[in-house]
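Taken together, the values in this text are just the output of simple stated rules run on the coordinates, not laboratory data. Keep in mind that what you see is a predicted model, and the values were worked out from it rather than measured. FYI the Cβ positions are ideal-geometry reconstructions off the backbone, even for glycines, and counts take in every protein chain you see.
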Amino acid sequence: MNTIRPDTRPDEISCLYEITKAIHSTLDLRQSLYKVLDILAQNLGMNRGSITLLNPETSEIRIEVAHGLSPTAKTRGRYRLGEGITGMVTATGRPMAVPKIDEEPLFLDKTGARRKIDKSKISFICVPIKEGTRVLGTLSVDRVFEGKAPLDEDVRLLSIISSLIAQKVSMLDKINREKQRLREENLRLRRELYEKYSFSNIIGNSRKMQEVFYLISQVAKSNATVLLLGESGTGKELVANAIHYNSLRADKPLVKVNCAALPAELVEAELFGYEKGAFTGATRSKEGKFELANGGTIFLDEIGSLALEAQGKLLRVLQEKELERLGSTEVRKVNIRLIAATNTNLAQAVEQGRFREDLFYRLNVYPIYLPPLREREADILLLADYFLEKYAAEYGRDIKRISTPAIDALMRYHWPGNVRELENCMERAVLLCQEQVIHTYHLPPSLQTAEDTGTQQAQSLKEAVERFEMDLIIDALKSSRGNMRKAARALKTTERIFGYKVKKYNINPRQYRGRSIS
């Protein structure tokens with residue numbers, strides 16, 4: 001580290017003292033560095049001082065702090081390693097001094113700050129800023145050309161100053177790199193969110209779901225209030241995610257509130273916030289969900305359970321775009337988009353006096369009805385395969401497919417819990433399955449007995465055994481694509497016995513040839 005030599009002039013000692021005070025006087029890194037450059041200009045006549053930083057990943061050098069340069073000039077001050085005097089000093093770690101910049105071809109004046117100045121009267125000094133042996137950037141200044149007077153003393157002084165500010169510059173460098181890392185991480189997460197919640201990823205080929213997809217695509221880019229209707233478990237939250245992340249507010253917050261989970265006495269405090277002392281236990285002020293969602297979207301699930309008093313305040317927020325916290329008279333403006341969801345009949349709730357009529361009509365701007373799973377028979381197998389793949393990967397199971405009898409059981413069931421129940425059913429089946437195929441005995445009892453609870457009579461033991469045996473043979477033929485030998489080997493029996501069983505149950509192996517096992 002450089003130290004102050006005995007022959008240092010009094011004005012230089014005073015300058016170094018002021019610079020040291022400036023460096024340690026504030027936690028604002030840039031402010032302290034600007035102050036250093038200001039002291040150099042006022043006390044030593046070193047003008048247009050600038051501090052550059054090296055980006056080790058891109059090898060680009062750019063001006064971080066500058067004195068006497070416009071923001072536009074700063075933006076132009078970018079160099080590559082070895083380019084110009086700044087690039088050479090950064091690359092070599094050695095200082096450079098130019099008595100007259102008009103005679104030095106390495107002086108590029110990229111900032112353009114000296115275009116209207118007589119360059120024959122300007123000297124330029126640039127010294128490296130180091131952390132150990134690693135070059136972080138440079139410190140450079142202009143000064144008036146003073147004939148043949150050597151610039152060694154200026155180089156020495158600037159080298160001392162660069163060592164004094166090295167720690168601050170190092171911290172600034174680390175902060176900038178961390179900011180860049182966070183920006184990149186933020187972009188990556190946003191891309192993942194967009195891909196995850198793209199409405200094209202909502203599974204469903206049935207006609208009713210195609211209608212839902214159309215409605216989502218039409219409303220997503222607007223600011224219209226959306227009301228999601230449908231039974232519990234039909235995927236209303238998934239649709240809310242898709243609308244938000246495909247909207248113009250996708251880069252703003254999505255705040256979710258389950259109104260049914262909020263105690264009646266806390267609804268207003270949670271939604272609209274409160275001031276310190278508004279009630280017992282309010283030891284500090286707190287923003288409500290609407291303020292947290294400002295600029296973005298708020299999703300109110302189970303809105304039919306909202307208390308009447310809170311409904312009135314919600315109506316004001318929707319109509320006037322303003323609210324008051326509990327315990328405050330200050331009006332706060334909010335800019336939110338509302339997506340509401342309910343599994344109850346709001347029109348009936350209005351007739352019964354449990355829901356405000358004016359709020360109902362304000363919410364019912366763009367209703368989307370999500371059909372129950374029993375009305376989406378074409379989607380049941382698609383969803384089952386999706387959840388099978390999802391949980392097989394999550395739990396590390398090598399499960400290829402769902403057996404035909406298990407598919408029949410899934411298709412027969414009425415699914416009162418909708419998609420959520422189907423997902424739970426497939427997760428359970430994956431956990432129980434130790435084979436490559438999901439069978440009926442891996443499904444919940446409610447599905448296994450679905451046939452028995454219908455119009456058909458219960459099977460005898462012999463019929464049940466024969467049916468199970470036939471299912472195993474069909475599954476083996478599907479897996480082997482109709483190859484009798486492979487199917488017999490898979491069931492650990494002889495080809496003769498297997499052939500006998502195939503003939504007994506009148507199974508045609510040829511119909512399974514060329515079929516995919518998945």
Please report, in debye to the nearest 20, how large the charge dipole of the chain is about its Cα centre when each Lys and Arg carries +1 at its beta carbon and each Asp and Glu carries -1 there.
1660 debye
Could you point to the residue in GLY273, ILE160, GLY137 farthest towards the positive end of the chain's charge dipole, with +1 and -1 charges on the Cβ of Lys/Arg and Asp/Glu respectively?
GLY137
Theoretical FRET efficiency, 1/(1+(r/R0)^6), r = Cβ-Cβ of ARG76 and SER328, R0 51 Å, to 0.05
0.55
FRET efficiency, ASN205 to ASN424 (Cβ-Cβ, R0 22 Å, nearest 0.05):
0.50
Plugging the Cβ-Cβ distance of THR20 and ASN335 into 1/(1 + (r/R0)^6) at R0 = 56 Å yields, to the nearest 0.05, a FRET efficiency of 0.70
Applying a 10 Å radius around every beta-carbon, put 109-122, 44-57 in order of their mean neighbour count, most first.
44-57, 109-122
Identify, among THR404, THR75, LEU383, the residue whose Cα sits farthest towards the positive end of the charge dipole of the chain, taking +1 on the Cβ of Lys and Arg and -1 on the Cβ of Asp and Glu, with the dipole about the Cα centre.
THR404
Give, rounded to the nearest 20 debye, the magnitude of the charge dipole that segment 199-368 has about its Cα centre when Lys and Arg contribute +1 at Cβ and Asp and Glu contribute -1 at Cβ.
460 debye
For the ranges 422-431, 227-236, what's the packing order if you count other beta-carbon atoms within 10 Å of each residue, average per peptide, and put the highest first?
227-236, 422-431
Starting from the Cα of LYS501, draw a straight line to each of the lysines and keep only those under 16 Å, dropping any in the same chain fewer than 8 residues away.
LYS462, LYS478, LYS486, LYS492
Cα-projected label distance for ARG181 with ASN223, points at 7 Å along beta-carbon direction, nm
3.8 nm
Can you compute the helix-only [θ] at 222 nm over the chain? Use -39500 (n - 2.57) per DSSP H run of at least 4 residues, normalise by all residues, nearest 500 deg cm²/dmol.
-14000 deg cm²/dmol
Electrostatic dipole magnitude of segment 353-463 [Cβ: Lys, Arg +1; Asp, Glu -1; Cα centre; debye, to 20]
240 debye
Which entry is the computed Rg/Rh (Cα atoms, Kirkwood Rh) for this structure: [x] 0.99; [y] 1.21; [z] 0.96?
[y]
Quick shape check on segment 199-368: root eigenvalues a ≥ b ≥ c of the Cα gyration tensor, a/c under 1.5 is rounded, otherwise prolate if a/b tops b/c, else oblate, and it reads prolate
Which whole-number percent is the relative contact order of segment 10-179 (Cα, under 8 Å, 6+ apart)?
21 percent
To make sure I understand the rule: partners must be aspartates and glutamates, Cα under 15 Å from the Cα of LYS221, and not fewer than 8 residues away in the same chain. Which ones qualify?
ASP251
18 Å tail of the calculated P(r), segment 372-458, as % of Cα pairs:
37 percent
Positive-end residue, the chain charge dipole about Cα centroid, Cβ charges, pick of ALA490, HIS442, LEU359:
ALA490
So which of LYS174/LYS390; LYS256/LYS400; LYS110/LYS168; LYS21/LYS110; LYS168/LYS252; LYS256/LYS286 end up more than 29 Å apart, counting from Cα to Cα?
LYS174/LYS390; LYS256/LYS400; LYS21/LYS110; LYS168/LYS252
Loop trypsin sites (Lys or Arg not before Pro), segment 457-502, which have at most 10 other Cβ atoms in a 10 Å radius of their Cβ (DSSP)
LYS492
